[in-house]
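As structure tokens, the structure follows; a few thoughts come after it.
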Amino acid sequence: MTSMASATFEAADTVATLAAFNITATSQRLQIANVLFSEPMHLSADQLLEKLRHTGENVSKATVYNTLKLFVERGLIRQINLNPERTVYDSRRATHHHFHEVETGALWDINPGDVEFSRLPQLPEGMEIAGVEVIIRVARKVQ
């Protein structure tokens, strides 16, 4: 199977990937998946819709939102809530962290090995860690 970092997915790879996550490969889901997996990216629903329309695809806004919700629920993509007004979708499923530029909203991936924790707080009774994701907010230095 083609890796997620490859330039493009072949149609058969996209269908197989959707099937692996128990998602029926409709025409519109394939269009959305092809954009998301063309390269690792962080896109809002509106940015994804814009990319689809730019390539000539005819997909409604509701379909984009519903498909993103389905992809997140099935674990195909990750949803990142940057603040109450901004959510982006990450096509890279592997565990990793992010730098978030507060002025522009840009995100950069951080490899998990580049972040170290010396201590975590005591967990609530009966709980275990399901994962840790770090978002480091950054701003341009004022000269």
Self-check item: DSSP-assigned coil residues among chymotrypsin sites (Phe, Trp or Tyr not before Pro) in the stretch 77-143, each with at most 16 further Cβ atoms within 10 Å
Solution: Phe117
Quiz item: Using the beta-carbon distance between Glu57 and Val132 and R0 = 35 Å, what value does 1/(1 + (r/R0)^6) give for FRET efficiency, to the nearest 0.05?
Solution: 0.45
Practice problem: For the chain, find the longest principal axis of its Cα atoms and tell me its angle to the long axis of helix 45-54, 0 to 90°, nearest 10. | Solution: 40 degrees
Exercise. For the stretch 13-113, just run the numbers: alpha carbon Rg, then divide by 2.2 N^0.38 Å, N being how many residues it has.
Key: 1.06
Quiz item: What longest range of the chain stays clear of loop-exposed GluC sites (Glu not before Pro) (DSSP non-H/G/I/E/B, at most 11 other C-beta within 10 angstrom)?
Solution: 1-84
Quiz item: What's the local net charge at Arg74, with K and R +1, D and E -1, over the other residues with C-beta under 15 Å away?
Solution: +2
Quiz item: If contacts are Cα pairs under 8 angstrom and at least 6 residues apart, what is the relative contact order of the chain in percent?
Solution: 18 percent
Self-check item: the stretch 11-90, relative contact order in percent, only Cα pairs under 8 angstrom and at least six apart counted
Solution: 30 percent
Quiz item: Looking at the chain, what % of its DSSP beta bridges pair antiparallel, to the nearest 5?
Solution: 75 percent
Quiz item: If r is the Cβ-Cβ distance from Asn83 to Asn22 and R0 is 30 Å, what FRET efficiency results, to the nearest 0.05?
Solution: 0.45
Practice problem: Using R₀ = 41 Å, calculate the FRET efficiency as 1/(1 + (r/R₀)^6) where r is the Cβ-Cβ separation of Val142 and Glu116; round to 0.05. | Solution: 0.90
Quiz item: Using the Karplus equation 6.51 cos²θ - 1.76 cosθ + 1.60 (θ = phi - 60°), what ³J(HN,Hα) coupling, rounded to whole Hz, does each residue of the stretch 23-34 give in order, writing x for Gly and Pro?
Solution: 10, 5, 8, 7, 4, 5, 5, 5, 4, 5, 4, 4
Quiz prompt | Amide H within-cut-off set for Met41, under 5 Å, with H built and near neighbours excluded | solution = Ser91, Arg92
Quiz prompt | Convex hull of Cα atoms in the stretch 97-138, direction-averaged projection (nm²) | solution = 3.9 nm²
Exercise. Run down the lysines and flag those whose C-alpha is under 29 Å from the C-alpha of Lys61, throwing out any fewer than 8 positions away in its chain.
Key: Lys51, Lys69
Quiz item: List the trypsin sites (Lys or Arg not before Pro) in the stretch 68-143 that DSSP assigns to loop (not H, G, I, E or B) and whose Cβ has at most 14 other Cβ atoms within 10 Å. Which are they?
Solution: Arg74, Arg93, Arg119, Arg140, Lys141
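Any read-out appearing in this document is the output of simple, stated calculations on the displayed coordinates, not a laboratory observation. As the structure is a prediction and not an experimental result, all values here were calculated from the model. Ideal geometry is used to build each Cβ from the backbone, glycine not excepted, and the neighbour counts take in all protein chains shown.
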